[in-house]
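Structure, as structure tokens:
The values are calculated or read from the model by the stated rules, or taken from the named source; none is laboratory data. What you see is a predicted model, and the numbers here were worked out from it, not measured in a lab. Backbone-built Cβ (ideal geometry, glycine too); neighbour counts: all protein chains shown.
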Amino acid sequence: MSVTVRVPAKVNVQLAVGGARPDGYHDLANVFLAVGLYDEITVTPAGELRVTCSGPDAAQVPLDRTNLAARAALTLAGRRGLDAAVHIHIAKDIPVAGGMAGGSADGAGALVACDRLWGTRASREELLDICAELGSDVPFSLVGGAALGTGRGERLETLEVGGSFHWVFAMAGRGLSTPAVFREFDRLAEGLPVPGPVASQDLLDALAKGDAAALAAAVSNDLQPAALSLFPELAGTLAAGRSAGALAALVSGSGPTTAFLASDAAAAERIAGSLAASGTCRTARVAPSPAPGATVL
């Protein structure tokens, strides 16, 4: 018997970052939107815990117990007094180290798959608690749709979305470390006042109305200057997407994937084609939003 769970990527349509906390984290107002790029996590009983991965960038995925999918299995097993003797296979389609929460998605997917495989019947509250223990973005990978994340991003408030939004994601030629981007944010902010993070009401209203033009006017990412500082070539990708007709262009999360909001599905395909031909990115993908969270197939 095996269980397969599909989990979505995310884009941060707003990422407001406060100053560094004593614990090293930052308070966030993080508006997540799940998008239709997915990893699939398959969990099968095995003699011992083992992780394998296939798909784009699979060679960059750690296969030891630092992988969030492995950590999810170990955490649930530990809480239930079980042996985490499973083979976890990750069919990877979300960019690796791309700012789209692919590793977090794998953690959420493995958690849901193990819960179903082992019949542990964990409550949604317990699953979300384990997700928060695993990482700041993991709870949203479980929930999907749209949500406002506060604290370090793990406390979620579900948001209404009044329609579909069409995105293009340009994949960079190399990855960026999220901790490194936050360190650069702190360096750039040194000596400057850093306001407390607050969600934009204009942005929340645009999501609720399904208004792409209004959403484009409201998107923001406080980590974008830090990502551009570490990866200056991304400025060329952002410019290429704007020139191709994107309503908005921004770095997704900590990057280096860049996200472009299109007016409709046809415009998204045109923008993706222009970006792929621009020489400023490795590849470009279209994806609608919102998308459902972790789903057993």
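Listed here are the residues, each with its yes/no results for (1) out of contact with any strand residue (DSSP E or B) (no Cβ under 9 Å at 6 or more places or on another chain); (2) under 17 Å from residue 32 (Cα atoms); (3) outside the structural domain of residue 94 (by TED's automatic domain parsing); (4) among the basic types (Lys, Arg).
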position	(1), (2), (3), (4)
259	no, yes, yes, no
271	no, no, yes, no
275	no, no, yes, no
279	yes, no, yes, no
294	no, yes, yes, no
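Taking the condition of being farther than 24 Å from residue 23 by Cα and either free of Cβ contacts under 8 Å to residues at least 12 places away in the same chain or out of contact with any helix residue (DSSP H, G or I) (no Cβ under 9 Å at 6 or more places or on another chain) (or both), how many residues in region 145-189 meet it? Selection size over region 145-189: 4.
Are any residues in region 46-60 of a type outside the set (D, E, K, R) and either closer than 25 Å to residue 1 by Cα or outside the structural domain of residue 102 (by TED's automatic domain parsing) (or both), and if so, which ones?
Residues of region 46-60 that are of a type outside the set (D, E, K, R), as a first pass: 46-47, 49, 51-56, 58-60.
Once the filter is applied, which keeps residues that are of a type outside the set (D, E, K, R) and either closer than 25 Å to residue 1 by Cα or outside the structural domain of residue 102 (by TED's automatic domain parsing) (or both), region 46-60 yields 46, 47, 49, 51, 52, 53, 54, 55, 58.
Out of all the residues in region 91-113, is one or more of a type in the set (A, V, I, L, M, F, W, C), part of a strand (DSSP E or B) and at pLDDT 95 or above? The answer is yes; a qualifying residue exists. The residue pairs whose first member lies in region 209-231 and is assigned by TED's automatic domain parsing to the domain that holds residue 262, whose second member is buried (at least 20 other Cβ atoms within 10 Å of the Cβ) and among the β-branched types (Val, Ile, Thr), and whose beta carbons are closer than 6 Å, counting only pairs six or more residues apart or on different chains, are 219/13; 221/251; 222/17; 223/181; 224/251; 226/181; 227/181; 227/251. The sole residue among 52, 75 that is of a type in the set (S, T, N, Q) and either on the phi > 0 side of the Ramachandran plot or crowded, with 18+ Cβ neighbours inside 10 Å (or both) is 75.
Count of region 236-246 residues, restricted to those that are surrounded by 15 or more Cβ atoms within 10 Å (Cβ to Cβ), of a type in the set (A, V, I, L, M, F, W, C) and either touching a Gly at 6+ places or on another chain (Cβ under 6 Å) or in a helix (DSSP H, G or I) (or both), is 2.
Restricting 226, 272, 266, 276 to those that are in contact with an Asp or Glu (Cβ under 9 Å, 6 or more places away or on another chain) and part of a helix (DSSP H, G or I) reduces the list to 226.
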